Structure formats: structure tokens, C-alpha cells
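No lab work stands behind these numbers, since they all come straight from the coordinates. If you're wondering where the values come from, they're calculated on a predicted model, not measured in any experiment. Cβ coordinates were reconstructed from backbone atoms using ideal geometry, including for glycine residues, and neighbour counts include every protein chain displayed.
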Amino acid sequence: MAANDTTLDSEKDPFDAIVDAPFDSALSERYLVYALSTITARSLPDLRDGLKPVHRRLLWTMRQLKLDPSSGFKKSARVVGEVIGKYHPHGDTAAYDAMVRLAQDFSLRYPLVEGQGNFGNIDGDNAAAYRYTEARLTKTAMRLMEGLDAGTVDFIPTYNNEEEEPEIMPGLFPNLLANGASGIAVGMATNIPSHNVAEIVDATLEVIDNPHVEHARLMELFKGPDFATGGIVAESAATVANAYETGRGSFRVRGRFHAAEAEKAEDREAGIERTGGGQWQLVISEIPYQVPKGKLIEQIAAAIGDRKLPILEDVRDESDEQIRIVLVPRSRNVDPDLLKESLYKLTDMETRFGLNLNVLDASRTPMVMGLKELLTNWIGSQIDILQRRSQHRLDQIARRLELVEGYITAFLNLDRVIEIIRYEDEPKAVMMEEFSLTDRQAEAILNMRLRSLRKLEEMELRGEKDELLKEQDGLEKLLSSPARQRTRLKRELGALRKEYDPDTALGRRRTSIEEAAPAVEFSMDAMIEKEPVTVILSQKGWVRGAKGHLPLDQEFKYKEGDGPAYVLHAQTTDKLLLATDKGRFFTLGADKLPGARGFGEPVRNTLDIDASAQIVAVIVHRPGQRLLLAADTGKGFGATTDDLLAETRKGRQVVNLKGDARLAVARVIDAAHDHVAVVGDNRKLVVFNLEELPQLSRGQGVTLQRYRDGGLSDAITFTLDEGLSWTMGGKEGRTRTEGEMWQWKVARGGAGRMPPQGFPRDNTFD
């Protein structure tokens with residue numbers, strides 16, 4: 001039994017054991033392992049080839065399937081199946097999405113996969129399922145994988161140890177900067193834009209020639225991002241240079257306005273097409289990177305529908321292979337620069353791209369690098385690949401020279417070799433001893449075909465030996481000289497640059513680096529068409545706007561059980577201030593009022609007004625206008641309407657109230673008024689100088705009138721010399737004015753005395 005137990009213990013999985021450990025340390029260790037695996041094996045690209053593992057495995061699989069540019073296409077499903085079955089044990093969706101991105105010419109500056117079928121489009125539509133699409137590698141991808149069979153990189157076992165895959169792709173193509181990368185890891189992220197290959201090569205050559213080159217010199221050669229979709233980086237050269245020096249920064253990316261069919265050069269550059277009769281339209285030819293065209297058009301259309309862009313009448317998508325979005329202004333008098341600036345502010349015609357050069361170096365360590373450090377490390381990796389390729393070729397030459405020398409020996413002693421083969425029982429051993437041959441040489445001679453025994457073959461072998469010796473000498477000199485290695489790398493980079501020359505369709509720079517012109521100052525309110533409107537607010541809080549200035553005493557229709565509360569004239573460009581008895585002010589644009597065909601809409605649909613709050617005033621905002629604010633406690637103050645505007649639908653708390661106190665008065669103070677009149681529930685009236693009213697933006701205010709019982713009923717401002725007026729009762733709506741108000745004039749905070757004869761019984765001035 002003991003023996004059996006011993007046998008069982010020896011067969012136990014060494015990882016299948018319970019170990020006592022503190023929970024926090026065990027958790028932190030496991031989380032660290034997870035975090036590192038996410039960083040190194042999923043999210044961050046390798047500096048040497050610019051690829052994440054999933055992209056590298058996709059390209060390797062397609063190479064294994066012989067999907068080179070000269071071969072036919074094969075189903076994407078086959079590629080995805082091979083990838084997830086042999087190399088990448090993750091979901092098929094993730095693998096296919098990665099493959100689709102490699103094929104999209106609007107996602108990658110230099111696509112690595114050539115797709116056939118629906119691989120998505122710039123409108124934002126998704127690709128078709130992988131059973132419908134086909135793919136093969138591009139010439140750029142083949143460039144990136146050059147040298148895989150030349151001993152340039154290590155091969156590592158796959159997740160199940162059944163296959164091998166390359167650690168990196170050894171090609172000279174600078175994929176990291178050329179195509180960029182993005183990813184989010186645990187605690188870190190990367191976001192690298194695409195760049196122009198010719199500029200990358202120029203900057204690399206400069207670093208090779210001068211390892212101590214200044215960053216400013218590099219930025220003269222390396223301009224900055226070159227996005228697949230073109231556009232404009234609207235930043236100064238200094239801003240771009242600083243971002244690449246530190247490895248972190250951000251750029252404003254704008255779409256491009258360009259009218260290729262315009263007659264005048266200035267119109268073409270401005271994107272203006274003249275349509276005759278003084279009319280014109282704007283043409284968008286390029287959009288910011290990673291902005292779906294369909295989403296952009298929807299944003300513009302929504303801005304038109306919401307009247308945020310009243311100067312724009314229509315937007316049309318006339319795109320084919322080239323983007324062409326046409327914008328029709330509402331009037332020929334619209335300023336094109338104003339329209340552009342408004343699009344930058346309201347839509348994704350201007351976005352921000354955050355630069356974060358966070359990559360894995362040759363030791364698989366994540367770090368943020370500046371441009372010079374990144375290029376230096378990449379040059380180092382390419383020098384290492386060059387050395388490994390050269391050493392691999394030297395080993396091949398040595399093995400071939402061994403065989404060639406054996407063949408030459410055989411030709412020089414052909415008759416004796418034939419004799420040995422015919423008559424000796426162990427010809428191999430005899431030849432090795434007699435001619436001092438190695439085992440490989442003797443074996444190769446024995447395996448020679450009779451047709452090879454020609455005089456011409458001997459001459460070819462001697463020529464091959466001379467060529468191999470010459471190549472061997474050159475490679476040995478190359479390996480022993482860092483200067484020769486740099487020269488070789490420069491020559492190869494020069495050849496690469498010719499393939500991606502800026503004069504070619506693939507190599508031309510697409511994105512302009514232009515510092516944005518000073519923004520055209522404009523207010524969104526200024527773009528609202530000014531039209532008269534009559535504002536109608538019911539007792540139950542239903543609001544609407546009738547076109548034109550209708551008579552204020554006109555009868556309007558209301559829902560059953562509802563009635564009029566406020567009717568006033570305004571313009572669509574005006575802002576309405578709504579004051580509630582809770583002391584909170586709300587702002588409502590007169591242009592956003594619902595039409596007056598029905599009963600309107602509840603104002604609480606637009607503004608977050610508390611259900612228990614009552615609207616006590618509706619005032620048209622005028623810049624610099626003053627208001628008298630008073631609570632029923634008798635406290636109040638003066639405020640400027642500019643301080644009362646609320647930027648959100650939640651409003652702004654202006655009057656601080658305690659307990660059951662409520663805001664009772666919110667009245668406009670005329671510029672000519674010099675006194676304040678306050679009447680209480682106790683029917684006492686007090687008049688004091690307006691100068692005694694403090695000016696606040698928020699607070700409780702000061703005591704306007706002192707009460708023993710009750711509180712404030714109403715307050716108003718007036719001109720003392722003109723007297724105090726109030727509305728009389730009755731159908732005529734007559735107004736009475738009391739000219740002699742000296743007997744009620746006291747210091748602020750007085751108790752007051754009974755009002756003049758004929759003052760309204762409801763103790764209000766209206």
C-alpha cells in the first residue's frame with residue numbers, strides 16, 4: 001500500500017498543490033502575471049516589426065498558406081481557422097477583425113493584406129463574414145517578412161508546442177512608424193499614428209550618419225503623422241516636434257476642403273465650387289482619421305435639424321472612390337470661413353489624436369520613447385538582423401564549399417574513385433582515408449549522378465568555388481566592420497525608399513502639417529436667424545413660441561384645466577430667464593421653443609425644474625440688465641442678468657432660501673429708476689433709495705422691509721420724481737400714479753406705513 005502511495009505521489013502534477021500564502025501577496029502576484037501577459041502578448045506592438053502577436057500570426061499563417069501577391073486569393077475563413085487553431089487560441093471574431101483592419105486602406109497607411117470582397121468601408125459599415133471574403137498578402141507584407149528563412153530571427157514554440165512561429169518579422173520595412181498602432185493594456189496604452197515611409201527612411205539615415213543628431217534636425221526630415229485618410233494636422237511645427245521629442249502629445253486633425261473642379265486655384269484650395277448667380281458650395285474631400293464618413297454626415301445633418309447650423313441649408317454625399325461631401329449654405333452671403341469653423345466646433349471635422357509612443361523594446365520591456373530613441377533602437381535591431389543573416393549565409397557557404405571541394409577532388413581522381421566504388425566493399429571509408437575527405441564529402445560523391453561526370457561540371461564547380469570564396473570574404477569583412485554594416489543598411493534603406501518614393505501613388509504624403517489660422521470668432525447665437533416670436537407659458541408649465549409679435553392680450557388656446565401665465569414678445573436670438581420660487585434660474589433659447597400649432601410642450605421636458613417648484617417670472621435676457629430679486633421673508637438684492645444665465649438644463653441657484661421661504665419677486669430694474677418700493681402682507685409700504693440695494697451674483701440679500709407678522713408681498717423699482725404707479729382693478733385696466741411718495745421714504749429695512757388710498761387690496765403693484 002505504501003508503495004502504491006509512493007507511485008501515486010510521484011505521478012502528481014507538480015502544479016496541482018495547495019500552498020499557504022498571504023491572500024494579498026498571492027493576489028498581487030497573479031494580477032502582475034496577468035498584467036504582464038496582457039502588455040507583452042496582446043496590447044503593445046514590438047518596436048522591431050511594429051506588430052502585435054495576433055497580426056504577426058496572421059501574416060505568418062498567410063505565408064505558410066503561400067498567399068503571396070502573385071498567387072490567388074483564399075477564403076478568409078481558412079486563414080482565421082489556421083490562426084486560431086495553430087497559433088492564436090482566441091475567438092475567431094478577434095482574429096478576423098484584426099485581419100480586416102490589415103486590409104483596410106483607410107485604416108492602414110500601407111495595407112499588409114489585400115482583400116477581395118466586402119472588407120468594410122470608410123462609411124463605418126462592417127466587413128462581411130469571413131466565409132464570404134478572400135485575402136492574400138501585399139508586397140509590403142512580403143517586404144516585412146523578408147529573411148524569415150535566412151536565420152534572422154528566433155522561432156518560438158506555439159501555445160501547445162506543436163508548431164513554431166517567428167518571434168518577430170525581420171524585414172526592413174519600418175512598420176511601427178509606417179502603419180502605427182493602438183492598444184490598451186493593463187495600466188498603460190499606446191497610440192501611434194502612421195507616417196510616410198520616405199520620411200522615416202530619411203530620418204533613419206540621418207541617425208545612422210550622425211548618432212548625436214539634434215531632434216530639431218530630425219523633424220526637418222520627419223514631418224509628422226501621415227494618415228491613411230489624409231486630412232490636416234492643424235498644429236505648429238513646434239508643437240509636433242515637442243510631442244515626438246517626449247513621445248507624448250496630441251494633435252488636432254481636421255478634414256480637408258478641396259474642390260478639384262473649381263476654376264480658380266484659390267477656390268480649389270478653399271474647397272469652394274461656384275454654381276452661378278453668385279451661389280457657391282463647399283466640398284469636403286478628406287475626413288479626419290478614424291472618423292466614419294456616415295457618422296460625420298449624420299452629425300452635420302443633425303446640426304442642421306437642431307438649428308445649430310442655420311447658415312447651412314443642406315449636406316449631400318456624392319462620394320464614389322473619392323470622398324466628396326457637398327455643403328450648401330443657406331445664403332450666398334454666408335462667410336465660408338465661418339461655416340468651416342462652425343463645422344470644426346460642432347462635428348468631427350476636427351478631432352484630436354493623442355500620441356503615445358509606448359512600445360516593447362528588444363528585451364520585451366514596455367517604455368515610452370522619443371523619435372530619436374525609437375529610431376536608434378530600430379537601427380540596432382536591423383543591424384542585429386543583418387549580422388544574423390550574414391552569419392547564416394556564411395554557414396551555408398561553408399557547407400557548400402565543403403561539398404564543392406569534395407566534388408573537385410573526385411573529378412581530379414575520377415578513375416580511382418570509380419575503381420573504389422566498383423571493387424571496394426566499403427568505398428566510403430576507403431575514399432575518406434585515401435583522399436582525406438570528410439564524411440559529408442564522401443557521401444555526396446557516392447550520391448552523384450553519372451550524368452554529372454562531365455568536364456563542364458568541373459569548370460562550373462571551380463567557378464562556383466571562386467564565387468563562394470569571394471562572397472565569404474565579403475561577409476567576413478562585413479561582420480568584422482560596424483562601418484560596413486551601417487553602409488550596407490543605408491544601401492538597403494535607399495532601395496526601400498525608391499519603392500515608396502513621394503512621387504509614387506503609394507508613397508506621396510497625404511496629410512498636411514499646417515498651423516491652424518486664427519479661429520474665426522463667432523457665437524452660436526449669432527448663427528440663429530433673427531425672427532420675432534411670441535412666448536406663451538401656461539399656468540401648468542406648457543411653453544410654445546408663436547411666429548411674429550402677436551397682441552399680448554390675444555386669447556390663446558390652452559389644455560383643459562390650464563390657463564395663461566406669461567405672454568411676452570422676444571426674438572429667436574434671445575435667451576429667456578425663467579425664475580422659480582426655489583430661487584433657481586433657468587435659461588431657455590427662444591429659438592428652441594416648440595411651435596404654436598398645438599399646446600406646446602412641458603417646459604420640464606427641456607429644463608430640469610423641480611416638480612414642486614413654481615415659475616414666478618419669465619424675463620428676456622438683455623446684456624448688463626439689472627433685476628430686483630426679493631424673497632417673501634423680506635430679504636433681497638440686485639443682480640445682473642449676465643450672472644443668471646445657466647449653461648446646463650439644471651439651472652443656476654441664485655437666491656439662497658431657508659426653510660419654507662420662496663422667491664416672490666424678480667423684476668427688471670429700469671436704468672432710470674432710483675428708488676425701491678416694497679409692500680408686505682400686512683399692507684405696509686416702504687420706499688428707499690435704490691443705492692441701498694446691494695449688487696450680488698448669489699446670496700440671501702439684505703432686509704428690504706421689517707415685518708412683525710406675515711412677509712413680503714411685492715416689490716418694484718421706480719423713479720421718485722415720476723411717482724409710484726400701480727394697476728387699478730376693473731376691465732379697463734387703468735393705472736394710478738401717486739406723485740408724492742416722500743412720506744413713505746425711509747431707510748432700507750423700515751416697517752413702513754399704510755399705502756396711499758386706492759392701493760390694490762391684493763398688495764401687488766400689477
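When volume of the Cα convex hull per residue in Å³ is calculated for this entry, the matching label among (1) 197; (2) 168; (3) 328 is (3).
Placing +1 on the Cβ of every Lys and Arg and -1 on the Cβ of every Asp and Glu, with no other charges, gives segment 374-499 a dipole of roughly 1140 debye about its Cα centre. About its Cα centre, segment 256-348 has a charge dipole of approximately 300 debye under the convention of +1 per Lys or Arg Cβ and -1 per Asp or Glu Cβ, with nothing else charged. Considering all C-alpha pairs of segment 540-661, those separated by over 26 Å amount to 21%. Among the chymotrypsin sites (Phe, Trp or Tyr not before Pro) within segment 128-202, those in coil by DSSP and having at most 14 neighbouring Cβ atoms inside 10 Å are Tyr132, Tyr159. Over segment 52-167, the fraction of Cα-Cα pairs per 5 Å bin, rounded to whole percents and listed from the shortest bin up, is 2, 12, 23, 25, 20, 12, 4, 2, 0. Length available on full extension from Thr764 to Arg316: 0.36 nm per residue minus the Cα-Cα distance, which gives 155.5 nm.
Could you tell me how far the Cα centroid of segment 438-506 sits from the Cα centroid of segment 22-45, in Å? When both Cα centres are located, 46 Å separates them.
In segment 337-468, how does Rg compare with the Kirkwood Rh, expressed as the Rg/Rh ratio over alpha carbon atoms?
Over the Cα atoms of segment 337-468, Rg/Rh equals 1.51.
Reported to the nearest whole Å, the Cα centre-to-centre distance from segment 186-251 to segment 590-643 is 53. Once the convex hull of all Cα atoms in segment 256-348 is built, its volume per residue stands at 94 Å³.
Over all other residues within a Cβ to Cβ distance under 13 Å of Leu437, the charged ones net out to -3, with Lys and Arg as +1 and Asp and Glu as -1.
Exposure proxy for Asp643, Asp766, Asp46: other Cβ atoms within 10 Å of each Cβ, ordered fewest to most, give Asp766, Asp643, Asp46. Where both bridge residues fall in the chain, DSSP classifies roughly 95% of the beta bridges as antiparallel. Straight-distance candidates among the lysines for linking to Lys635, with alpha-carbon spacing under 16 Å and chain neighbours fewer than 8 residues away dropped: Lys582, Lys658, Lys684. The packing ranking, built from the mean of other Cβ atoms within 10 Å per residue, places the peptides 185-195, 363-373 in the order 185-195, 363-373, highest first. Between the listed residues Phe257, Ala21, Asn356, the Cα displaced farthest toward the positive end of the dipole of the chain, a dipole computed from Cβ unit charges relative to the Cα centre, is found at Phe257. Each of Thr409, Thr735 was scored by other Cβ atoms within 10 Å of its Cβ. Arranged with the fewest first, they read Thr735, Thr409.
Among the GluC sites (Glu not before Pro) in segment 296-360, those placed in a DSSP loop whose Cβ has at most 11 other Cβ atoms within 10 Å are Glu318, Glu321. Of Met188, Gly147, Met369, whose Cα points farthest to the positive end of the dipole of the chain (charges on the beta-carbon: +1 Lys, Arg; -1 Asp, Glu; origin at the Cα centre)? Positive-end residue among those listed: Met188.
Centre-to-centre, using Cα atoms only, segment 342-420 and segment 672-745 are separated by 90 Å. By other beta-carbon atoms within 10 Å, ranking Leu357, Leu394 with the fewest at the front produces Leu394, Leu357. Taking Lys and Arg as +1 and Asp and Glu as -1, the other residues whose beta-carbon sits under 9 Å from that of Asp361 total +1.
Charges were assigned to the Cβ only: +1 to each Lys and Arg, -1 to each Asp and Glu. The resulting dipole of segment 666-761 about its Cα centre is roughly 440 debye. Taking N as the residue count of segment 210-316, its C-alpha radius of gyration divided by 2.2 N^0.38 Å amounts to 1.42. Computed from Cα atoms, the angle from the helix 482-499 axis to the main principal axis of the chain rounds to 60 degrees. The chymotrypsin sites (Phe, Trp or Tyr not before Pro) found in segment 59-119 that occupy coil by DSSP, while having at most 16 further C-beta atoms within 10 Å, are Phe73.
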